[in-house]
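Shown next, in structure tokens, is the structure this report addresses.
The values are calculated or read from the model by the stated rules, or taken from the named source; none is laboratory data. Note that the coordinates shown come from a computational prediction; the quantities given were computed from them, not determined experimentally. All Cβ positions, even for glycine, are placed from backbone atoms using ideal geometry, and neighbour counts span all protein chains on display.
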Amino acid sequence: MTMKRGTFSSVIPQLIATAELSVATGGEGFTEITAEARRFVADVEAGEGALFLYLRHTSASLIIQENADPAVRTDLTTALRRLAPTDAGWIHDTEGPDDMPAHVKTMLAGVTLHVPVLDGQLALGTWQGIYLVEHRSQPHRRDIVIQFIGNRR
């Protein structure tokens, strides 16, 4: 195992910038929000720091996943359906048969992400993208708090 030495500093952040991103989903599936995250980082003139994303919902998730081959997202949707099927005999079904499976999928994937920002750029890998994953079958509007903490360019 090798580790590249990074930069170290104990400077108080010069910048804390926050916005809310509203995303309309088309129902179950993946919506890429990488471009919006990059635009936010550029607009606030971020230098070095971290981008935090927090989804204000319990039946959708935020993930970082491959953005090159759409088949990956299709297979991930299939895997999540197998892990939490709608016909599993859930007790909580007030909002429909897809609601409880959506909560389980959210518990597995999570509602928060953080991405390092280096020299004003998201430190994502070559094939990585940031996605909102809708676990409900109907379209929804989902709200994400997006925040940069760090230094200016």
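If I filter the range 71-79 for residues that are over 18 Å from Gln138 (Cβ atoms), over 16 Å from the mean Cα position of the chain (by Cα) and of a type in the set (Ser, Thr, Tyr), do I get at least one hit?
yes
May I ask you to list the residues in the range 132-153 that are part of a strand (DSSP E or B), surrounded by 12 or more Cβ atoms within 10 Å (Cβ to Cβ) and within 15 Å of the chain's Cα centre (by Cα)?
Leu132, Val133, Glu134, Arg142, Asp143, Ile144, Val145, Ile146, Gln147, Phe148
Can you go through Arg73, Arg81 and tell me which one is touching a helix residue (DSSP H, G or I) at 6+ places or on another chain (Cβ under 9 Å), under 30 Å from Asp99 (Cα atoms) and of a type in the set (Lys, Arg)?
Selected residue: Arg81, the only one of Arg73, Arg81 that is touching a helix residue (DSSP H, G or I) at 6+ places or on another chain (Cβ under 9 Å), under 30 Å from Asp99 (Cα atoms) and of a type in the set (Lys, Arg).
What pairs come up if the first residue lies in the range 19-32 and is closer than 7 Å to His140 by Cα, the second is part of a strand (DSSP E or B) and among the polar types (S, T, N, Q), and their beta carbons are under 6 Å apart, counting only those six or more places apart or on different chains?
Thr25/Thr31
Could you tell me whether any residue of the range 112-126 is surrounded by fewer than 15 Cβ atoms within 10 Å (Cβ to Cβ), in contact (Cβ under 8 Å) with a residue 12 or more places away in the chain and of a type in the set (Gly, Ala, Ser)?
No.
Return the residues of the range 86-131 that are over 16 Å from the mean Cα position of the chain (by Cα), within 15 Å of Gly29 (Cα to Cα) and outside any helix (DSSP H, G or I); say none if nothing qualifies.
Answer for the range 86-131, where residues must be over 16 Å from the mean Cα position of the chain (by Cα), within 15 Å of Gly29 (Cα to Cα) and outside any helix (DSSP H, G or I): just Asp98.
Check off (1) within 30 Å of Glu95 (Cβ to Cβ); (2) at pLDDT below 95 for Ser61 and give me the number that stays unchecked.
Just one mismatch for Ser61, condition (2).
So is Ala88 farther than 30 Å from Asn151 by Cα, buried (at least 18 other Cβ atoms within 10 Å of the Cβ) and of a type in the set (A, V, I, L, M) or not?
no
When you scan the range 124-135, do you find a residue that is out of contact with any strand residue (DSSP E or B) (no Cβ under 6 Å at 6 or more places or on another chain), more than 21 Å from Val72 (Cβ to Cβ) and modelled with pLDDT of 95 or more, even just one?
no
Being closer than 16 Å to Leu132 by Cα, out of contact with any Lys or Arg (no Cβ under 9 Å at 6 or more places or on another chain) and of a type outside the set (Ser, Thr, Tyr) narrows it down to one of Ala17, Ala35, so name that one.
Ala35
Going by the conditions given, is Glu95 in contact (Cβ under 8 Å) with a residue 40 or more places away in the chain and acidic (Asp, Glu)?
In short, no.
Would you call Glu48 more than 14 Å from Ile146 (Cβ to Cβ) and touching a Leu at 6+ places or on another chain (Cβ under 9 Å)?
So Glu48 passes the test.
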